[in-house]
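Throughout, read-outs are computed from the coordinates displayed, never taken from laboratory work. The shown structure was predicted, so the numbers you read here are calculated from the model rather than taken from an experiment. For neighbour counting, all protein chains shown are included, and Cβ atoms are generated from backbone atoms with ideal geometry for every residue, glycine included.
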Amino acid sequence: MKALEGITVVALEHAIAAPFCTRQLADLGARVIKVERPGVGDFARAYDQRVRGLASHFVWTNRSKESLALDLKHARAPEVLARLLAKADVLVQNLAPGAAARMGLSFEALHEKYPRLIVCDISGYGDDGPYRDKKAYDLLIQSESGFVSTTGSADEPAKAGCSIADIAAGMYAYSNVLAALIERGRTGVGKHIDVSMLESMVEWMGYPMYYAFEGAAPPPRAGAAHATIYPYGPFPTGDGKTVMLGLQNEREWQAFCDRVLCRPELAADERFSSNARRTAAREALRAIIVDAFSGMTAAEVVARLDEASIANANVNQMADVWAHPQLQARGRWVEVRTPAGAVPALLPPGMRDADQVRMDAVPALGQHSEALLMELGYTGSDIEGLRAHKAI
């Protein structure tokens, strides 16, 4: 039995934050009913066509769900939603600011009718405050939260290469829903969860914010290197590749000088005698390391680093990650069905094997509409009527 078997989630969702939350609930066995706009669906379906004609974001965040095509603005939509919510445990939504409330789907409006229902609202800035109605996309929240100011090179800031603000909000929504289900098991009563992308990202920015506490200088942007620990970052090797390495303490610095650079005298060099001094003199130290690595291949550098117990990693491209030997050895890839055929998918972290987790198909738009409506008590002629009036 999966952990969340018997739990039903209704998802009024699009893009990434809410779908990432509900996909993880589905991974644990919850039934997730995804409500999508007829004819168009979740707009993330059209982001790209990189997965055999399907969108990469959509394939990633929407497996194991049932798709109900329903026009939420149609006059017949409230009755369909009412029947859905009467059987639901959780409602997750990340519609435009205020849209759910205008449709009578706020927690306050729903709680009297469905006292056990957990309502999770995901938004850019939260349910109140002066920024409540401001549009919020991932890159905008990366910027508003200060993340962009700490990322990139000294000359130019950069965003994260994945939807980190959406992911952060999705993770907090997921963990809060799990906690609310546990709480409801004790009290029998649902609750309201208000997750904002801004607060999720600001929580993740705790280290640089405290580093710059009370007006202190923030961590400098250092590209792929660590801003305040050195050497910790990427270094080129003689065969044109790059190796990432990181030193955390003076014992490792001594070993690095002795067994990797083969220059034990550097350990006593006053310029490099502490992390703070190495960070201040990073350009001079980088030149020494690059010169030493120029006569070795990446494999030879990694071998020396491993022998000296210095943390290191390859700077992999996406193709390298798909073929990563560690993931292969641990059997972390399984197949998931999609409308375009089976594709590989990573087992969720923490799950030991596929028997522990639900890894069902990515749905086509409206694939489950008729079956769901019949389950809710609609007849065939009722469904044809809804279709004729463009409600579904």
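Overview of values
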| quantity | calculated |
| --- | --- |
| Label-point separation in nm, GLU5 to ALA313, each point 7 Å along Cα→Cβ | 3.6 |
| Built amide H within the under 5 Å cut-off of VAL336, gap 5+ | VAL343, ALA345 |
| Helical contribution to [θ] at 222 nm, DSSP H n ≥ 4, -39,500 (n - 2.57), averaged over the chain, rounded to 500 | -10000 deg cm²/dmol |
| In nm, spacing of pseudo-spin labels at SER56 and GLU108 (7 Å Cα→C-beta vector) | 4.3 |
| Segment 232-314 - percent relative contact order, Cα under 8 Å, separation 6 or more | 44 |
| Segment 232-314 - Rg (one decimal) and Dmax (whole number), Cα, Å | 11.6, 32 |
| Cα gyration tensor, segment 1-101 - rounded (a/c under 1.5), prolate or oblate | oblate |
| For segment 310-387, average projected area of the Cα convex hull in nm² | 8.6 |
| Extension reserve of the HIS226-VAL40 stretch, reckoned as 0.36 nm per residue once the Cα distance is removed | 62.6 nm |
| FRET efficiency for ALA160 and LYS87, using Cβ-Cβ distance with R0 set to 30 Å, rounded to 0.05 | 0.20 |
| Identified option (computed Cα extents along the principal axes in Å; candidates [x] 85, 48, 40; [y] 72, 55, 45; [z] 62, 56, 37) | [x] |
| Environment charge of VAL343, counting only residues whose C-beta is closer than 12 Å and scoring Lys/Arg +1, Asp/Glu -1 | +3 |
| Cβ-Cβ FRET estimate between SER381 and ARG116, R0 fixed at 30 Å, reported to 0.05 | 0.40 |
| Cα Rg, Dmax (largest Cα-Cα span) when computed across segment 190-229, Å | 14.5, 46 |
| Globularity ratio of segment 96-141, using Cα Rg and 2.2 N^0.38 Å | 1.29 |
| Mean Kyte hydropathy of -0.5 or more with a Cα span along the axis of at least 24 Å, helices from DSSP in the chain | 164-187 |
| Additional length obtainable on full extension of the chain from VAL343 to PHE213, 0.36 nm per residue less Cα span | 42.2 nm |
| ³J(HN,Hα), Karplus 6.51/-1.76/1.60, whole Hz, each residue of segment 246-255, x for Gly, Pro | x, 10, 10, 7, 6, 4, 5, 4, 4, 5 |
| Pairwise FRET efficiency - LYS73 versus ASP128, Cβ, R0 = 30 Å, nearest 0.05 | 0.75 |
